[in-house]
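Readers should treat all values here as calculations from the given coordinates under stated rules, not as data from a laboratory. Because the structure is predicted, anything quoted here is derived from the model rather than measured. No Cβ is skipped: glycine too gets one built from the backbone with ideal geometry, and neighbour counts run over all protein chains shown.
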Amino acid sequence: VPGTAGSAAASFKPDYNAVRKAIEDLLESNEDYDDGSYGPVLVRLAWHTSGTYDKSTNTGGSNGATMRFLPESNWGANAGLAVARDLLEPVKQKFPWISYSDLWTLAGATAIEAMGGPHIPWRPGRSDYAPDQFVALPDGRLPDGDKDAKHIRDIFYRMGFNDQEIVALCGAHTLGRCHSDRSGFLGPWTNAPTTFSNLYYVELTENKWHKKKWKGPLQYEDKSGQLMMLNTDMWLLWDKKFKPFTQEYAKNEEKFFNDFAAAFSKLLELGVPFPEGAQTV
Ligand code: CCH
């Protein structure tokens, strides 16, 4: 009957708060996982699914959820993110109307807020590509931790970010840790890796950092040997244009929260063809 599907669709109201709640319930569901929270790895999933965007060709980004498929699922940069994708699978089963691409980005936004961070403005509207519906992206769109400021700018300018936004986004390293079996790097950036704060910038500017002596890849450590920085993190201090933002965020957490929320929200929307008038939920 013409119109039936339309009216059924019109009466259906997706409950994004219920999805947020289901995500929140997963965050501390396994006390043996890392520091007791899946929050950081969910933030990394949201970032890596979005951070493939190239503004010059309008390719990549979170729309499509192409990390479900080879070769992207197997990129070195995405090692370990199957943990996050698998964790969210029951949520997808419970709310089959949400796309993976909306779910993965919403999970990152929800995790930031649940770990004490700012509210991240988030809009639904992404759709998932079928495996034969897109051209696989070239590897190399995500940053490498052992590189320098030029590399960081090449990667983030390609997405359409400026220096201030780059420094704000990298503050997400206040969360979580590096895993030797994922990236090869090892350790957390802060002593509070499950709390969203400006501690990353405080450590970067106030702690003393030296090259770690080990057989692993180049990384920096503090005197305690407990905390780490990647080479790219150090460049947020060493680069003349990045440094003032790093110092400002170390002093002013409220400014960091506001700037992070804006930049992270923008990241999650790169390349997404939202329907006209799409609203935050
Ligand atoms: Fe990152 N990040 N990231 N990162 N990242 C890693 C872990 C996290 C780089 C490299 C690494 C952002 C920018 C950069 C998170 C969020 C963001 C790891 C360790 C490497 C390496 C992976 C492992 O071993 O598990 C580099 C290089 C850059 C920029 O130049 C941005 C931007 C964000 C988000 C806005 C989070 C969160 C983690 C912790 C993940 C976890 O599992 O604990």
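Quick look at the numbers
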| item | result |
| --- | --- |
| Convex hull per residue volume in Å³, alpha carbons only, for the range 42-84 | 68 Å³ |
| Pairs from LYS21/LYS212; LYS212/LYS241; LYS21/LYS223 whose Cα-Cα separation, in the structure shown, is over 30 Å | LYS21/LYS212; LYS21/LYS223 |
| Phi-based couplings in Hz for the range 271-281 (Karplus 6.51, -1.76, 1.60; Gly and Pro marked x) | x, 8, x, 5, x, 3, x, 4, 10, 5, 10 |
| Cα radius of gyration and Dmax for the range 48-124 (Å) | 13.0, 37 |
| The chain, dipole about Cα centre (Lys/Arg Cβ +1, Asp/Glu Cβ -1), debye to the nearest 20 | 540 debye |
| Options GLN247, PRO273, LEU227, ranked by Cα towards positive dipole end of the chain, top entry (Cβ charges) | GLN247 |
| Student exercise, the range 118-204 dipole from Lys, Arg, Asp, Glu Cβ charges, in Debye to nearest 20 | 180 debye |
| Subset of LYS215/LYS240; LYS215/LYS255; LYS150/LYS208; LYS243/LYS266; LYS55/LYS94; LYS147/LYS240 violating a 28 Å alpha-carbon distance limit | LYS215/LYS240; LYS215/LYS255; LYS55/LYS94 |
| Given charges at Cβ of Lys, Arg, Asp, Glu: the chain dipole, positive-most of GLY51, TYR157, VAL167 | TYR157 |
| Around VAL19: net Lys/Arg minus Asp/Glu count, Cβ-Cβ under 12 Å | 0 |
| Rg followed by Dmax, in Å, when the range 103-215 is reduced to its Cα trace | 16.6, 50 |
| Range of Cα positions in the chain per principal axis (Å), largest first | 71, 41, 36 |
| Interchain or long-range residues, amide H under 5 Å from CYS178's placed H | GLY187 |
| Residue order, fewest to most surrounding Cβ atoms within 10 angstrom, among SER101, SER183, SER73 | SER73, SER183, SER101 |
| CD proxy at 222 nm, helix term only [per DSSP H run n ≥ 4: -39500 (n - 2.57); per residue of the chain; nearest 500] | -13000 deg cm²/dmol |
| For THR59, residues with placed amide H under 5 Å, excluding near neighbours | ASP54 |
| Amide hydrogen neighbours beyond the local backbone of TRP122, cut-off 5 Å, H modeled | VAL281 |
| Proxy reagent accessibility, fewest Cβ within 10 Å first, across THR66, THR49 | THR66, THR49 |
| Translational diffusion of the range 149-260, µm² s⁻¹ [Kirkwood Rh, Cα pairs; Stokes-Einstein; 4 °C; 1.567 mPa s] | 91 µm²/s |
| Ranked ILE120, ILE155, criterion: other C-beta atoms within 10 Å, fewest first | ILE155, ILE120 |
| Relative packing of peptides 208-215, 15-22, 171-178, 103-110 - highest average C-beta neighbours within 10 Å first | 103-110, 171-178, 15-22, 208-215 |
